[in-house]
1. Please work out how much length the chain gains when fully extended from residue 40 to residue 422, using 0.36 nm per residue of separation minus the C-alpha to C-alpha distance, in nm with one decimal.
2. Of 329, 154, 213, which is farthest along the charge dipole of the chain in the positive direction, counting Lys and Arg as +1 and Asp and Glu as -1 at C-beta?
3. Would you calculate a helix-derived [θ] at 222 nm for the chain, using -39,500 (n - 2.57) for each DSSP H run of n ≥ 4 and dividing by the full residue count, to the nearest 500?
4. Just to confirm my numbers, what's the Cα centroid distance between region 199-217 and region 68-104 in Å?
5. With Cβ to Cβ distances under 9 Å as the rule, what net charge do the other residues near residue 325 carry (K, R +1; D, E -1)?
6. Given a Förster distance of 51 Å, report the FRET efficiency between residue 133 and residue 196 from their Cβ-Cβ distance, rounded to the nearest 0.05.
7. Placing +1 at every Lys and Arg Cβ and -1 at every Asp and Glu Cβ, with all other atoms neutral, what dipole size does the chain have around its Cα centre, in debye to the nearest 20?
8. Can you tell me the accessible area per residue over the chain, all protein chains present, probe 1.4 angstrom, in square angstrom?
Amino acid sequence: MKRQLMSTFGITALAVALTACSSSGSPSGDGQGASADPKAATGTVTVWLMDDAQKNWPDLVQRVNDEFAAKYPKANLKLVYQGWADKVGKLDKALADGSAPDVVELGNTETMKYVLSGALAPVDRTTFDNSDSWIKALANTCTYQDKLWCVPYYAGARVAVYNSAAFQQATGSPEFPKTEGDLLTALDKIADKNKSDRTFSPLYLPGPYWYAAMSYVAAYGGSIAKFDSSGNWHGTLHDAKSQQGISHFADLVRKYNKGDLTQNEQNQYEAMARGHAASFYGNGYEAASVVAPGTGDASLKDSVKVATMPGPDGKPLPTFIGGSDLAVTAKSPSAALATDWVRMFTSTKSEQALADKDILPNNLNQLNPLKNKPTTAAAANAVPDAWFTPLAPGWGAVEKQKIIPDMLAAILKGKSVDQATKDADAAIDQLINSPS
């Protein structure tokens, strides 16, 4: 799945920009390249960072590289920026021909593939700043069989995107409600205000939008799958709590989405940009797409806002955790140097540099102040109870075969939640334990 940078209200272009620069690096006791004297450490560390860093926090990159060079003056650092569109293909090729970087940034949905293929080296969690307060769901994207295979870098979250003018006109307030009960009341008022327009959705919630559906599953305490005592994963969508979440999601879709219920969320921002929706649940950068020239309606610029999506349990709706991780490749000849660069790049000082730019840091200590900052509150409040897909060998096959979206489609066509979830679990069980 393509992962994109989630800043609170911006969109990052996915252009490929390859840039090389140099500095220095060295070890700290993890693997090859270690030296008792950092000043004597030699070797070259090649780092692949996504171009988000080049565009949005180049000052952080330069500071860390300077710190690395000062500590390890005889080592070399080669930094290459990559774009999301073709990074995976380049990395696969580099791993195959022996030219892989020593450090690579991975979108957190990409990590499991490389863990299972043996492409990543394990690292010691205790040697990294704030590791005791890493955002749990983000750290889970790096954890497999009780080992840590990468280091959380920054987080992303889904939020409510809404047209404050539509809420003002229908409810008398431009604010997005903080509880689900109040939200449903507001959505009903918006529906009544726009009842002459049968295409207008108070909440545009696509039927196959499984990331949203599983957020409601998480809110009720359910899950997609669990690892059992026999050493296998098994589907748990048929469990009572998971069914509650799925039923709740389906009810919201039926009641408030007046568009095509079979349409997915890929371009959901268009519904609002075209005047057909008062709100939707999505990535923060989708708000920018609503008002951007060429993709949206610039006249909505002052009306489109983001907020924390309330869940059915009185808490924010648990979000699918987005974001990036940093990994050291398994065959790196400079693993210790590489690991130390990752330490510097994810240090408390480095994470604060991200937080200062409204990027969600990798840990709760530095995330907490962002919960009260207007530009970051919506995303920051959604993160602590975030969820992630099962870190199972066959999860890729489950996702590829669209088992969960097909289950949701069947429910919206009239199949019972009980039977649909039972069928989905049976399909998941056939795939989830075998490497995809």
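The values are calculated or read from the model by the stated rules, or taken from the named source; none is laboratory data. Computed from a predicted model, the values in this text were never measured in an experiment. Here Cβ is always computed from backbone atoms with ideal geometry, including for glycine, and neighbour counts include all displayed protein chains. We work out accessible area using only protein heavy atoms, side chains counted, and drop any ligands, DNA or RNA first. Shrake-Rupley method; radii C 1.70, N 1.55, O 1.52, S 1.80 Å.
1. 131.4 nm is the gain from fully extending residue 40 to residue 422.
2. 213
3. Here the helix-only value at 222 nm equals -10500 deg cm²/dmol.
4. 38
5. -2
6. 0.50
7. For the chain, the charge dipole is close to 420 debye.
8. 41
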